[in-house]
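Right, one structure below, let's go through it.
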Amino acid sequence: RPVAGRASLDGSQLSEAHVGEAGATYHGALEAAALAELVGGSGVGVIPYVTNASTRGVFPLKLYEYLAGGLRGVSTPIPAVVDKQHLHPELSIAGRDDFCAEVVRSIGVARAGPTPRSELEGRIAEHSWVTRGAQARKLVADLGSEVLRRS
């Protein structure tokens, strides 16, 4: 059960200790190639955010990285992810009481077979930073055009 990235946002070691207690291996911050290798060998990406005032307004960009890597995703019900769920059938939303059960279920689905290469290539194209950048530039251009039309 690999875990990468920061163990906690506040720099404490408490979350890292909990990761070890859960039987997972904490890999810390990884370079892009090592992270790609780790994601490639995984089946489920988790977004276990506590729902609070801070997380109500965030969108975890790691979701796109998980999807581009061919992973199923399991997230707690933070609003931004719930709003995107209908677009991504490989994404599950689970609350505190059923989060672990949903991760286990998703692992079972992931083990049923690898993501077909054509689907994976489509996901990579859809969720790449190049695509996201193009979407952001288009949004800014469209908004700018709308402002100019109104003035």
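FYI, it's all coordinate maths here, none of it is from the lab. Only a predicted model underlies this, so the values are computations on that prediction, with no experimental measurement involved. So basically every Cβ, Gly included, is an ideal-geometry build from the backbone, and we count neighbours across all protein chains shown.
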³J(HN,Hα), Karplus 6.51/-1.76/1.60, whole Hz, each residue of the range 127-136, x for Gly, Pro: 10, 6, 5, 4, 5, 4, x, 5, 5, 5
Placed amide H near Leu91: partners under 5 Å, 5+ positions off or other chain: Gly73
Most to least packed among 41-52, 86-97, 60-71 [average Cβ atoms within 10 Å]: 60-71, 41-52, 86-97
